[in-house]
Each structure stands twice: as structure tokens, then as C-alpha cells.
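Let me begin by presenting the structure, written as C-alpha cells, before commenting on it.
The values are calculated or read from the model by the stated rules, or taken from the named source; none is laboratory data. In this text, all values refer to a predicted model and were calculated from it rather than measured experimentally. A quick note on method: Cβ atoms are made from the backbone with ideal geometry, for glycine too, and the neighbour counts reach across all protein chains shown. Quick note on the areas: whole protein, heavy atoms, side chains included, nothing else; ligands and nucleic acids left out. Shrake-Rupley method; radii C 1.70, N 1.55, O 1.52, S 1.80 Å.
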Amino acid sequence: MNTFQPGELVLLTSQKGKTWLVRAGSGSFSSHLGDVDLQEVVGRQEGEWLETNQGAKVFLFRPSLGDYIHKLKRRTQVIYPKDIGAFLVYGDIGLGDVVLESGIGSGALTLALLRAVGPSGRVISVEIRPEFAQLARKNIEVFFGKTPENHRLIVGDVTALPLATRVDRVVLDLPEPWHAVGAVSAALRTGGLLISLSPQVGQVQIMWQELRRHGYANVTTFELLKRNWKIDARRARPEDRMIGHTGFITVAKKIAHTLEEVPTIRDPEAPVPT
Ligand SMILES: C[S@@+](CC[C@H](N)C(=O)[O-])C[C@H]1O[C@@H](n2cnc3c(N)ncnc32)[C@H](O)[C@@H]1O
């Protein structure tokens with residue numbers, strides 16, 4: 001029986017789906033639904049509930065990665081879970097991969113990368129601002145319960161860093177990612193993937209030029225829209241509000257030669273010339 005232990009993160013969830021992140025065993029928690037004694041969480045199982053002193057039910061769950069990303073302490077823009085999913089799948093990031101990431105920001109994407117590569121893989125994060133590096137490290141430690149052994153965090157400028165390690169994937173969330181392409185491409189193995197997120201399409205255009213200059217093929221850019229729906233017995237319709245735009249995701253594959261050395265790189269999605 002995997003019951004809640006003292007100090008463990010718990011996502012209190014109301015019957016209407018409102019959530020609060022707390023720790024089992026320490027003090028009490030108050031909301032508009034009343035008070036809950038957090039000592040009572042210890043020894044219970046996920047999916048059980050407690051009653052507040054006003055008689056409302058709150059369910060007990062461990063936070064999912066998506067829950068935690070919405071709640072984590074942030075001092076930077078973070079990558080949203082919908083875009084993180086795309087990074088992992090279109091960037092083909094999996095067990096055993098060595099991933100170079102920059103910058104770490106608040107560490108939202110790093111959490112997903114660490115989980116995807118597992119203990120046999122490695123994530124190397126490069127962050128220029130020491131205060132963000134520190135915050136991200138703390139957010140990661142809180143989620144995993146300790147600093148994962150497969151995480152290396154370097155405080156420095158990714159555009160100027162000599163990177164000796166060969167990596168399978170490069171993941172960029174930088175204001176001017178094109179300045180980093182030269183440095184990270186020296187570390188990325190041939191056939192490896194580079195994934196980058198930029199909010200503005202002008203940034204993407206500069207990125208494309210830089211990717212072609214440094215020898216990438218199969219370059220694609222897309223955005224993802226997520227719209228939640230209100231569903232009950234009387235209605236089923238989209239929510240009035242949504243996050244309309246987060247960023248454009250660009251995915252590229254590193255080729256064995258730079259563009260100058262190969263005659264043409266054709267977009268595989270483009271129609272075949274007749
Ligand atoms: C938008 S935040 C990254 C958010 C992160 N992906 C997350 O999900 O929490 C961009 C980060 O890039 C860092 N940064 C900017 N220029 C950099 C550089 N040249 N080298 C390393 N990090 C840099 C910033 O300090 C900032 O923390």
C-alpha cells in the first residue's frame with residue numbers, strides 16, 4: 001500500500017476541480033471550503049478524501065507532472081505542458097538519451113526531460129542567470145524529492161561555452177536561440193535532433209537561416225493550440241477563455257555536412273517536383 005508519507009507533496013482537489021499543492025503532515029490548510037488538518041493526510045491513499053470543517057470533500061492525489069508545472073514557483077516564462085509533450089515526441093527524447101538544454105528558466109521543461117531520459121540518460125542544462133539556476137534546482141528537488149543524479153546544471157552562457165560532451169538532443173528555450181546554434185551544433189551528434197521554442201515568428205525565420213548554415217535538414221515549425229471544454233448534463237462547449245498563443249516549435253535534424261557541402265536539402269513534406 002503506497003500511502004502518503006509525512007512531507008510528501010499532495011494535490012488537494014475540490015469536487016469542482018480546484019486544486020492546491022500542500023505537504024502531508026504539516027499544519028492545517030484553509031480555503032473557501034474550510035480547514036483541513038494535513039496530519040490526517042498521512043497514511044491515506046491517493047484518491048481518498050478528507051472532509052473540511054465545513055463538510056466539503058477534498059480528494060487527495062499526488063501531483064502529476066502537469067499539475068506540478070502549473071504550481072511551481074516561477075520567475076521566468078515556463079514551457080506549457082502542451083508544448084512539453086511536443087518537445088518529447090517530435091524531438092524523440094527517450095530513455096538513455098543525453099540532452100543538452102538551455103536555458104533552464106524555472107525548470108519546467110527540465111523536469112519532463114529528466115523523467116523521459118531516465119537514470120540511464122543525462123540532462124545537461126546551461127543557464128546564464130545564477131538566480132534562475134538556483135530556483136530551477138529547487139523546483140526539481142521538490143518534485144523528485146532530491147537532485148537527480150543524471151542532471152548536470154552549468155551556470156554560463158551557452159553561446160560561448162566549450163561543450164566537450166557529445167549529445168543526442170539539443171533543446172533551446174532562449175530569447176535569441178540563433179546565437180546558440182553554432183556552439184550547440186558542435187556538441188550534437190550527426191542525426192541528432194534540435195528542438196527550439198520561440199514566441200515570435202520573426203525569431204523563427206532567423207533560426208531557420210542559422211540552422212541551414214550549420215547543417216540541418218528536415219526542419220519543421222509548428223504551433224499547438226489547446227482548448228478546454230465545459231461539459232455537464234446540459235452543455236458541452238468550449239471554454240470562453242484559452243491560452244491563445246505560447247510559441248512556435250522548430251524541430252531540425254543534424255546532417256553530416258554543412259549546407260555549403262551538400263547540393264540541396266529538400267523539405268520531405270514538400271511536393272515532389274515533376
Ligand atoms: C523562457 S526561460 C526558459 C524557461 C524554461 N524552459 C522552463 O520551462 O522553465 C529562458 C531562459 O534562458 C536563459 N538564457 C538567456 N540567454 C542565455 C544564454 N545565452 N545562455 C544560457 N541561458 C540563457 C534566461 O536566463 C532564462 O532563464
The size of the Cβ-based charge dipole (Lys, Arg +1; Asp, Glu -1) of the stretch 48-131 about the Cα centre, to the nearest 20 debye, is 220 debye
Compactness ratio of the chain: Cα Rg over 2.2 N^0.38 Å, N = residue count? 1.18
At what distance in nm do the modelled label points of PHE222 and LEU21 sit from each other, each positioned 7 Å from its Cα along Cα→Cβ? 2.9 nm
Packing-based order for 21-32, 121-132, using average beta carbon neighbours within 10 Å, highest first: 121-132, 21-32
Quick one: which of 100-112, 221-233, 195-207 comes out on top by average Cβ neighbours within 10 Å, and what's the full order, highest first? 100-112, 195-207, 221-233
Compute the FRET efficiency between ASN53 and ASP232 as 1/(1 + (r/R0)^6), taking r as their Cβ-Cβ distance and R0 = 45 Å, and round to the nearest 0.05. 0.95
Once neighbouring chains are kept in place and the probe is 1.4 Å, which whole percent of the accessible area of the chain is contributed by carbon and sulfur? 51 percent
Within the stretch 80-102: backbone nitrogen closer than 15 Å to the ARG152 label point (7 Å, Cα to C-beta): 97-102
The stretch 9-63 accessible area per residue, 1.4 Å probe, protein heavy atoms, integer Å², reads 53 Å²
Which angle between 0 and 90 degrees, to the nearest 10, do you get for helix 81-90 versus the longest principal axis of the chain when only C-alpha atoms count? 40 degrees
With the cut-off at 12 Å, report for the stretch 9-63 the share of all Cα pairs above it, as a whole percent. 58 percent
